[in-house]
Amino acid sequence: MIVRHAHDVPTDIVREPGAKQVTIRRLIDTPDGADRFLMSLFELGENGATPPHYHDWEHEIYVLEGALHVDLPAEGKQIELKAGDVVFIPRGEQHGLATGEGQTARLLLVAPAERPPVRSVFLSEEPYQFEADAADGAVK
């Protein structure tokens with residue numbers, strides 16, 4: 001068994017093509033011995049985004065705090081999310097998450113550890129963007 005506090009897990013910048021102001025903490029991962037499910041904590045800063053993408057596995061999201069929206073480019077729509085909302089994203093469905101002006105969000109994401117051959121397709125050609133806190137340069 002592993003017990004730890006989320007704040008003790010290192011924070012990484014999400015560097016996928018088109019990502020903006022997004023960090024991840026891999027709370028439970030394969031190096032921990034997880035062989036069925038992984039759990040990650042994502043934080044989106046103001047005007048943050050995970051770019052539209054799709055992959056060959058499903059995943060689930062639970063919004064812990066803040067507000068954001070999920071983009072569904074294939075359907076041409078956005079769905080607003082707030083703390084307490086739960087989202088199921090089926091395999092192959094195009095999706096992205098974004099915050100707007102004055103919005104931030106924290107969410108848990110659960111995905112399978114055993115995935116089909118890894119194939120995430122990002123629908124953005126822009127580089128990732130992340131500006132550290134100007135006060136101390138740290139990723140929080």
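The values are calculated or read from the model by the stated rules, or taken from the named source; none is laboratory data. Quick caveat, the model's predicted, so the values are computed rather than measured. A quick note on method: Cβ atoms are made from the backbone with ideal geometry, for glycine too, and the neighbour counts reach across all protein chains shown.
Remarks
- Qualifying position, being modelled with pLDDT under 85 and under 21 Å from Gln21 (Cβ atoms), among Gly96, Gly137: Gly137
- Val63 in contact with an Asp or Glu (Cβ under 6 Å, 6 or more places away or on another chain) and closer than 17 Å to Gln103 by Cβ: yes
- Entry remark, the stretch 51-72: residues being modelled with pLDDT under 95 and in contact with a strand residue (DSSP E or B) (Cβ under 9 Å, 6 or more places away or on another chain) number 8 in total.
- Residues of the stretch 12-30 that turn out to be under 20 Å from Val121 (Cα atoms) and either of a type in the set (A, V, I, L, M) or buried (at least 18 other Cβ atoms within 10 Å of the Cβ) (or both), as a count: 9
- Phe42 vs. criteria at pLDDT 95 or above, closer than 17 Å to Glu131 by Cα, of a type outside the set (Asp, Glu) and assigned to a strand (DSSP E or B): yes
- Among residues of the stretch 70-105, those that are in a strand (DSSP E or B) and buried (at least 18 other Cβ atoms within 10 Å of the Cβ), counted: 9
- The C-beta contact set for the stretch 1-30 (first residue farther than 19 Å from Ala132 by Cβ, second residue among the small types (Gly, Ala, Ser) and surrounded by fewer than 14 Cβ atoms within 10 Å (Cβ to Cβ), distance under 8 angstrom, 6+ apart or interchain) comprises Ile2/Gly33; Leu27/Ala6.
- Answer from Gly84, Gly33 - the residue that is farther than 18 Å from Phe122 by Cα and at pLDDT below 95: Gly33
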